[in-house]
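The values are calculated or read from the model by the stated rules, or taken from the named source; none is laboratory data. Note that the structure is a prediction, hence the values are computed from the model and not measured. Note that we place each Cβ from the backbone using ideal geometry, even for glycine, and neighbour counts take in every protein chain shown. Accessible surface is based on the protein model in full, side chains and every heavy atom, while ligands, DNA and RNA are left aside. Shrake-Rupley method; radii C 1.70, N 1.55, O 1.52, S 1.80 Å.
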Amino acid sequence: GKYISKKTAIPGDIPVIAGGRGPAYWHNESNRTGELLTVAGSGAYAGFVQYWDSPIFVSDAFSITTDPQLNTRFLFHWMKNKQEFLHSLKKGSGVPHVYPKDIARLKIPVPPLEVQKEIVRILDSYTQLETDLKSELEAELEARRKQYEHYRDSLLSLDSLTSRCGRDNVSLMPLGDIFVMKAGKNKAATFISATKTLDQNVPCYGGNGIRGFVQDYNQDSEIVLIGRQGALSGNVHYSNGRIYATEHAVVVTPKSGINMRFAYYLLTVANLDQYVTKSAQP
């Protein structure tokens, strides 16, 4: 591809393909047209394959065009079937890269074009079915999410609780009187794995939720975690078991008897976002 940055791009409707799993941003001109594949060149998703049949601008990626004996969609389905292997071709410390020369060495079976087209027809039909089902499921899940939030907010409101239990049986108390709240401990990024492995299988929580997996733990009880630094500061998680909480998460433990799942649900409706500072590092 050709180097471009978001700052130098001129707003338009041409997707810029870089190291991610979709357009990085948009530009007003293309440097590739026609039917082709792109492979992300660097970063966490280096090796990710995408199919295009409209103008694009290839940046931190490389493109693959086929000769007449190979159907481009056939190549796409074959490469997606090898997606995990393509990711494994990443090289280099720091920012990993996948290189065209390594992809070029791969050998693909090339049946007659008519066979390729029939395989493409079958696989494309399943891809479309999966897309349709995913859209329906997402709509259903969104409706369920709104229903859940409605009942959660209704059940946990002070009016609802006093109506259910009687005003004398519900205490309105500061969180600091009920819980101990303190930050976790620092864990260097070099000791955190992005994926679970045999050795690193303990969830590691940071400011934005699960950050990865580590070998050791510093929490082994029923607790609630609140993100205290990062883009998703104020998010709330429940944990019951071995985890590692970094300094970017607040560990909430009870001072006295309180159901911690109940505490978790209370904190999710407490609108903790209102306390997040609006700065470069919230």
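Provide the net charge surrounding Arg228, with neighbours chosen by a C-beta distance below 11 Å and charges set as Lys +1, Arg +1, Asp -1, Glu -1.
0
Can you quote the Å³ per residue value for the convex hull of the Cα atoms in region 104-185, rounded to an integer?
About 194 Å³ per residue, rounded to a whole number.
Tell me, what HN-Hα J-couplings in whole Hz come from the Karplus equation 6.51 cos²θ - 1.76 cosθ + 1.60 at θ = phi - 60° for each residue of region 271-282, using x for Gly and Pro?
My calculation for region 271-282 gives 6, 5, 4, 5, 9, 6, 6, 8, 9, 4, 10, x Hz in order.
Hey, got a sec? Which trypsin sites (Lys or Arg not before Pro) in region 17-89 land in a DSSP loop and have at most 14 other Cβ atoms within 10 Å?
Of the trypsin sites (Lys or Arg not before Pro), the ones in loops of region 17-89 whose Cβ has at most 14 other Cβ atoms within 10 Å are Arg21.
With the radius of gyration and the Kirkwood radius both derived from the Cα set of region 159-276, what is their ratio Rg to Rh?
That ratio is 1.04, to two decimals.
Heavy-atom accessible area of Tyr265 with all protein chains present, probe 1.4 Å, nearest 10 Å²?
70
At a temperature of 20 °C and a viscosity of 1.002 mPa s, determine how fast region 39-165 diffuses translationally according to Stokes-Einstein, using the Kirkwood radius over alpha-carbon pairs as Rh; express D in µm²/s, rounded to the nearest whole number.
Here the translational diffusion coefficient equals 115 µm²/s.
Kirkwood-based Rg over Rh for the chain (C-alpha set), two decimals?
1.08
Leaving ligands, DNA and RNA out of it, rank His87, His150 by accessible area with a 1.4 Å probe, largest first.
So the residues, ranked largest to smallest area, are His150, His87.
Once you list every other residue whose beta carbon is under 15 Å from the beta carbon of Ala18, what net charge do they have if Lys and Arg are +1 and Asp and Glu are -1?
Every neighbour counted, the sum reads +4.
Do the sum for the chain: with -39,500 (n - 2.57) for every DSSP H run of n ≥ 4, divided by all residues, what is the mean residue ellipticity at 222 nm, to the nearest 500 deg cm²/dmol?
Helix-only estimate at 222 nm: -9500 deg cm²/dmol.
So which trypsin sites (Lys or Arg not before Pro) in region 249-282 end up in coil per DSSP with only 16 or fewer other C-beta atoms within 10 Å?
Hits after loop and neighbour filter: Lys255, Lys278.
Read phi for every residue in region 90-105 and hand back ³J(HN,Hα) as whole Hz from Karplus 6.51 cos²θ - 1.76 cosθ + 1.60, θ = phi - 60°, with x for Gly and Pro.
Values per residue, Gly and Pro as x: 4, 10, x, 8, x, 8, x, 10, 10, 10, x, 4, 6, 5, 5, 7 Hz.
In whole Hz, with x marking every Gly and Pro, tabulate ³J(HN,Hα) for region 194-201 from phi via Karplus 6.51 cos²θ - 1.76 cosθ + 1.60, θ = phi - 60°.
5, 10, 6, 10, 4, 8, 10, 10
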